[in-house]
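*Asks:* Got a structure for you, questions after.
Since every read-out is calculated from the coordinates, none of them should be taken as a lab result. Fair warning: this is a prediction, and the values are worked out from it, not measured in the lab. A quick note on method: Cβ atoms are made from the backbone with ideal geometry, for glycine too, and the neighbour counts reach across all protein chains shown.
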Amino acid sequence: MYGITRQDIQIIDTKIELQKKYLLSRHFDFGDNTKSALDFTYSANLNPKKYFAEMNNRINSIFQYAKDLNLKPVFITLTAPSKYHKTNRKKELLINPNETAKELTQIWNKFTSLQIFRRIKKELGHGLIYFRVYEPHKSGVPHLHAMLFLPAGYILSVKKKYKEYFTNKDRWGNNKKSIDFKYTFYNSAGGAIAYIMKYVTKTFKNENDESTQYASYWYIKHNIRRFLCSRTLAPVTIYRKVRHFFKKSENDYLRVSELIKNNQIHRLFEDTTYSYMFYNHETGEVENVTVWQKNSDLILNSRIKTKDTFTLKYTKKDKKKLLIAFVSDFEKYAFNETLEKFILMPVLPSLLSNYQLQRYYTILDNQDIKTLDLVHFGLVKNEMIKRELLREEIINLNEYVEANPLTNRRAVAHVPLQFCIAEEIGYDVPFI
């Protein structure tokens, strides 16, 4: 189910267990309380309860924010183009689901960059508000569920543009997609929130539901994010650091976002490292103590290491077209500018089609053995055997060398066939 095997489950469970064991072995003391590193982890795989609680808070906060702006929720579904559903003989997907999810993201970004969305952004004064959830088909191919919040007057226009965009044959060709566009609503029973949460909860492991359990492993195996949303409210990194001071607020996430918007909460030392000088009485030396740092890459004077920016420029080199003269299908000469003459081009059996290979083998088989490169003949014959065009056993090429010890030829070249002029010679340039 979802392309997940029992072996995948065993490998993922072992990996998660080792990660949990490591985090539980790291402790922090806060007076009488001791916490492990796992208690501070927001990973959906390692600490799903904490991750789900925070995500649920974000969803409810964004819903409330959109509702206060009198925006209406619209639910859409988008499947990947048909080429991403192709499988091999073992029913394995030819394209990794992670690549498919990235392609769906690109499709979504292009769609939400249309002119109608730019008008909405200009009218509202901020970016588009939305949620996105990836969900696997039974085959393991992801499809996208999204909920975006629009002014009521734009819903029908967006629906029309949505249908036109994703059914345009000039844009998508034969890569058909399944699309869906629904209206939803706010109410006391949950409404739009319940609608999106139905898909979000499917991404978490559920021991009582085999389908949901396999789906949770699908997200881990292919490194696909469970839930994404627009950057409407405060960044999560800031909210996690300050929410303790707003735990009594009815909606702390909205409160923090409002204060940041009004410049009442600032990120200090965002782009620098803050430190002070400390005199160590034991060593008698002055030490530099870091209070805040953007990252761990420090240079002298406790400043952040900056990376020089550079631009890569690619200049396409025009290759000079090779001059080739054809004598026959298997005898052609290429002009060598260094030697200033035409050189016989070797015939590579592995690059020939079955029909060409059979013809070439027949020509060599009827040729005088005195003029034949036996090693090359053996190479051609073995290729015939590999393709099951001959029912013989593959012969070691050394046996061909031993059969004709006087030859000093190699398998990468062959003696020209007997020179003959056809009634009409096909060539790229006049043959000299």
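*Asks:* Rounded to the nearest 0.05, what FRET efficiency do residue 351 and residue 114 have when you use their Cβ-Cβ distance and R0 = 41 Å?
*Replies:* Calculated value: 0.30.
*Asks:* Just how many % of Cα pairs in region 324-403 lie over 14 Å apart, if you round to the nearest whole percent?
*Replies:* So the pairs more than 14 Å apart make up 67 percent of the total in region 324-403.
*Asks:* Also, I was wondering about something else. In nm, to one decimal, how far is the residue 198 label point from the residue 89 one, both placed 7 Å along Cα→Cβ?
*Replies:* With each label point 7 Å from Cα toward Cβ, the separation is 4.2 nm.
*Asks:* Shifting gears a bit: Cβ under 11 Å from residue 385's Cβ, residue 385 left aside: what net charge do those residues give with Lys, Arg +1 and Asp, Glu -1?
*Replies:* 0
*Asks:* Along region 69-77, what does the Karplus equation 6.51 cos²θ - 1.76 cosθ + 1.60 (θ = phi - 60°) give for ³J(HN,Hα), rounded to whole Hz, x for Gly and Pro?
*Replies:* For region 69-77, the Karplus-derived couplings read 8, 6, 8, 9, x, 10, 10, 10, 10 Hz, x marking Gly and Pro.
*Asks:* Provide the net charge surrounding residue 199, with neighbours chosen by a C-beta distance below 12 Å and charges set as Lys +1, Arg +1, Asp -1, Glu -1.
*Replies:* +3
*Asks:* Below 14 angstrom from the Cβ of residue 247, what's the summed charge of the other residues (Lys, Arg +1; Asp, Glu -1)? Provide the component values of the computation, followed by the final result.
*Replies:* Values: positive: 240, 241, 243, 248, 255; negative: 54, 250, 252.
Spelling it out: positives minus negatives among the neighbours equals +2.
*Asks:* If I model a spin label at residue 96 and residue 9 as a point 7 Å from the Cα along the Cα→Cβ vector, what separation in nanometres do I get?
*Replies:* In this crude spin-label approximation the distance works out to 2.4 nm.
*Asks:* Additional query: Please state the shape class of region 13-80: rounded when a/c is under 1.5, otherwise prolate if a/b exceeds b/c and oblate if not, all from the C-alpha gyration tensor.
*Replies:* On the way: a/c = 6.65, a/b = 1.83, b/c = 3.62.
Oblate, because a/c is 1.5 or more while a/b does not exceed b/c.
*Asks:* Going through region 326-385, which GluC sites (Glu not before Pro) have at most 12 other Cβ atoms within 10 Å and a DSSP loop state?
*Replies:* Answer by residue number: 337, 340.
*Asks:* What residues have an amide H closer than 5 Å to that of residue 342, excluding those fewer than 5 places away on the same chain, when H is modeled at 1.01 Å from N in the peptide plane?
*Replies:* Answer set, sorted by chain and number: 336.
*Asks:* May I ask you to compute the full-extension gain from residue 1 to residue 105, defined as 0.36 nm times their residue separation minus their alpha-carbon distance, rounded to one decimal in nm?
*Replies:* Full-extension gain reported as 35.1 nm.
*Asks:* Computed FRET efficiency, Cβ-Cβ of residue 248 and residue 37, R0 30 Å: what is it to the nearest 0.05?
*Replies:* That gives a FRET efficiency of 0.60.
*Asks:* Mean shadow of region 24-163, computed from the convex hull of its alpha carbons, in nm²?
*Replies:* Values: hull surface 51.8 nm².
If I average the Cα hull's projected area over directions, I get 12.9 nm².
*Asks:* Counting other C-beta atoms within 10 Å, which of 226, 255 has the fewest, and how do the rest follow?
*Replies:* Ordered from fewest to most neighbouring Cβ atoms within 10 Å, 226, 255 come out as 255, 226.
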